[in-house]
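The values are calculated or read from the model by the stated rules, or taken from the named source; none is laboratory data. Computed from a predicted model, the values in this text were never measured in an experiment. Positions of Cβ are generated from backbone atoms using ideal geometry, with glycine treated the same way; all protein chains shown enter the neighbour counts.
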Amino acid sequence: MTMNWRAVWAIYRNEMNRFFRTMYQSIVSPVISTALYFVVFGTAIGSRIPTIEGVSYAAFIVPGLIMLSLIMQGTSNASFGIYRPRFVGAIYELLAAPISFLEVVLGFVGAAASKAMFIGAIILLTSTFFVELHFAHPLAILAFFVLTAVTFSLFGFVIGIWADSFEQVNLIPGLVLTPLVFLGGTFYSISMLPPAWQVISMFNPVVYLISGFRWAFFGYADVPVLASLAAIAGFLALCLTIVWIIFRTGWRLRK
């Protein structure tokens, strides 16, 4: 089957146009948030925790902040992107159009991942004004960066299909993802926790993502890097499978 790249581009461009219409807000908000994190955590807590495994505390939290942005931005952009046409009924035009489910997913998820990576890159750039960063494994940084954005954009796409209201669109990111990210080692090392909490933290999938991304920056990880790659690859495969089932069965699409 020949891929209809024009259809993919049309969906992608439409989603990106909504993003660029609020470009000022999209850029200023993460820059201010990142600056506040460095002021509050980097200065206040960093004065009490000078280094972690030889890395300054302010630099140590940078991978966690970027991962926080990729996870939340990818999920929210994709969920709202697909829920909006469902809400207004435009989804039926997509389903009736001569395009495959793969092209629909590529358009929406590609746009959501692009937005997340754009914001993540801005946060990385902003952090260089506060700390000096070292990139131990640049290719691994790129791999975790792209895989996380794409995976959680797929996850957000599933949420947007599942949700019946805007409240449900925000439910999982607010009540599930946010606690998992903040308890996943964004601002601390898992090794700093008591033994019992270290064991409990290993059941948090975000721990593996942040640990792997931090290793790519500094060569330090709370869990084995292969475990981090397996976690992100497994979740990506799970999301792809769910999306395939959704379009094969028409679940929540044809009603």
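For the reader, a short list of remarks on this structure follows.
- Condition met for Leu142 (aliphatic (A, V, I, L, M) and at pLDDT below 95): no
- The listed residues are Ala233, Ala196, Ala216, Ala227, and the only one of them that is outside any loop (DSSP other than H, G, I, E, B) and within 15 Å of the chain's Cα centre (by Cα) turns out to be Ala233.
- Residue in region 147-165 that is part of a helix (DSSP H, G or I), over 14 Å from the mean Cα position of the chain (by Cα) and within 17 Å of Leu65 (Cα to Cα) present: no
- Every residue from region 136-155 that is in contact with a Gly (Cβ under 8 Å, 6 or more places away or on another chain) and either buried (at least 24 other Cβ atoms within 10 Å of the Cβ) or under 24 Å from Gly81 (Cβ atoms) (or both): Phe144, Phe145, Thr148, Ala149, Val150, Thr151, Phe152, Ser153, Phe155
- Picking from residues in region 246-255 that are on the phi < 0 side of the Ramachandran plot and surrounded by 11 or more Cβ atoms within 10 Å (Cβ to Cβ), the one that is modelled with the highest pLDDT is Ile246.
- The C-beta contact set for region 160-187 (first residue more than 21 Å from Ile61 (Cα to Cα), second residue among the charged types (D, E, K, R) and not in a helix (DSSP H, G or I), distance under 9 angstrom, 6+ apart or interchain) comprises Ile161/Arg252; Trp162/Arg252; Ala163/Arg252; Asp164/Arg252.
- Region 100-135 - residue that is of a type in the set (D, E, K, R) and either under 12 Å from the mean Cα position of the chain (by Cα) or not in a helix (DSSP H, G or I) (or both) and, of those, surrounded by the fewest Cβ atoms within 10 Å (Cβ to Cβ): Glu132
- The residues of region 200-239 that are farther than 21 Å from Leu142 by Cα and surrounded by 15 or more Cβ atoms within 10 Å (Cβ to Cβ), listed by number, are Ser201, Asn204.
- Against the numbered list (1) outside any helix (DSSP H, G or I); (2) within 26 Å of Ser76 (Cα to Cα); (3) not aliphatic (A, V, I, L, M), Asp222 comes up short only at (2).
- Here Ala78 meets each of (1) under 30 Å from Ile32 (Cβ atoms); (2) among the aliphatic types (A, V, I, L, M); (3) modelled with pLDDT under 90 with one exception, condition (3).
- All positions within region 81-99 that are among the small types (Gly, Ala, Ser), surrounded by fewer than 19 Cβ atoms within 10 Å (Cβ to Cβ) and under 23 Å from Phe19 (Cβ atoms): Gly89, Ala90, Ala97
- Hey, Pro63 touching a residue at least 60 places away in the same chain (Cβ under 8 Å) and in a loop (DSSP other than H, G, I, E, B) or not: no
- Tyr57 meets each of the listed conditions (1) buried (at least 17 other Cβ atoms within 10 Å of the Cβ); (2) modelled with pLDDT under 85; (3) of a type in the set (Ser, Thr, Tyr) apart from (2).
- Total residues in region 1-22, condition more than 15 Å from Ser114 (Cβ to Cβ), modelled with pLDDT of 85 or more and either exposed (fewer than 14 other Cβ atoms within 10 Å of the Cβ) or of a type in the set (Val, Ile, Thr) (or both): 2
- Scanning region 23-35 for residues that are surrounded by 11 or more Cβ atoms within 10 Å (Cβ to Cβ) and over 16 Å from Met72 (Cα atoms) returns Val28, Ile32, Ala35.
- For region 36-54, the set of residues classified as in a helix (DSSP H, G or I) and surrounded by 16 or more Cβ atoms within 10 Å (Cβ to Cβ) consists of Tyr37, Phe38, Phe41, Gly42, listed by residue number.
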